[in-house]
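*Asks:* One structure, as structure tokens, below. Some questions next.
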Amino acid sequence: MDSINDWSSRHTNGRIPKILDQLQANDLMALLNALYFKGAWTYEFDKSQTRDRLFTLQAGNPVTCKMMSVTGSFDYFSADDVQGVDLPYGGGLYSMTLLVPGSTLTVDELAARLTAEQWAQWKSRLHVSNGTVMMPRLKLEYEIVLDDILSRLGMAVAFSLTLADFSAISKDIPLYITLVKQKTFLQVDEEGTEAAAVTAVTLGYKSTGPAAGFLLQVDRPFLLMIRDHAADTILFIGKIMEPKQ
């Protein structure tokens with residue numbers, strides 16, 4: 001367990017120091033994947049412009065947060081009651097894209113709209129514009145067990161004790177997925193962004209239980225032997241004709 005969590009910590013710069021709390025008794029292996037990103041804004045937010053401002057939750061109630069502000073030229077679009085902006089990191093190879101729903105949309109409705117086709121259309125509308133971006137300073141940690149979600153998406157067989165087939169990984173020991181867990185970390189401040197994610201997949205072996213055994217019913221005359229296995233010798237041999245007591 002320590003080696004798994006140490007791997008998670010090393011590959012996320014310490015941001016996700018523990019991915020698993022325990023392993024099941026029949027877990028045979030754990031497959032891990034990590035993603036780590038740290039980037040400085042091309043155009044930093046001015047810390048002196050960060051203010052306490054209101055952020056309205058989806059339920060409609062406002063909360064106070066530290067709101068950052070930056071003014072400059074950014075790739076931007078406004079269409080379909082959605083605003084989008086690209087905030088570049090470093091030399092521009094990476095960026096953070098913000099999509100903000102307008103007054104007629106909820107964020108869930110916006111997410112439902114975000115198909116590959118719609119995203120391609122919105123990207124094509126990005127154009128350099130002068131403006132100001134105000135966004136909250138963030139530090140978030142999140143974890144989720146994905147077993148049920150992946151099963152509903154069509155992976156139920158992989159979690160099945162009887163139907164899973166991972167023979168490409170293990171030919172001799174039948175395996176199935178016992179857990180898929182993901183942890184994420186995100187920090188956004190005036191200087192840039194740090195993000196990390198680790199996904200762990202544990203695979204257990206199938207316990208086949210006792211085999212359907214034979215039945216030997218000694219109800220007629222029989223032979224018996226007493227053997228010395230070390231010497232491979234029959235010490236006694238006899239024919240039993242009737243079960244005398």
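The values are calculated or read from the model by the stated rules, or taken from the named source; none is laboratory data. Just so we're clear, the structure is a prediction, and the values are computed from it rather than from any experiment. Cβ sites come from the backbone with ideal geometry, for glycine too, and all protein chains shown count toward neighbours.
*Asks:* Checking Gly154 against (1) outside any strand (DSSP E or B); (2) in contact (Cβ under 8 Å) with a residue 40 or more places away in the chain; (3) among the small types (Gly, Ala, Ser), which test does it fail?
*Replies:* All conditions pass for Gly154, except number (2).
*Asks:* Which residue, of Thr97, Thr56, is among the β-branched types (Val, Ile, Thr), within 27 Å of the chain's Cα centre (by Cα) and not assigned by TED's automatic domain parsing to the domain that holds Gly192?
*Replies:* Thr97
*Asks:* Somewhere in region 172-183, is a residue over 30 Å from Asp52 (Cα atoms), of a type in the set (Asp, Glu) and surrounded by fewer than 12 Cβ atoms within 10 Å (Cβ to Cβ)?
*Replies:* yes
*Asks:* Can you name every residue in region 122-142 that is surrounded by 13 or more Cβ atoms within 10 Å (Cβ to Cβ) and more than 30 Å from Lys47 (Cα to Cα)?
*Replies:* Trp122, Arg125
*Asks:* While we're on this one: Report, by residue number, each residue of region 88-118 that is hydroxyl-bearing (Ser, Thr, Tyr), without any contact (Cβ under 8 Å) to a residue 24 or more places away in the chain and surrounded by 12 or more Cβ atoms within 10 Å (Cβ to Cβ).
*Replies:* Passing the criteria: Ser95, Thr97.
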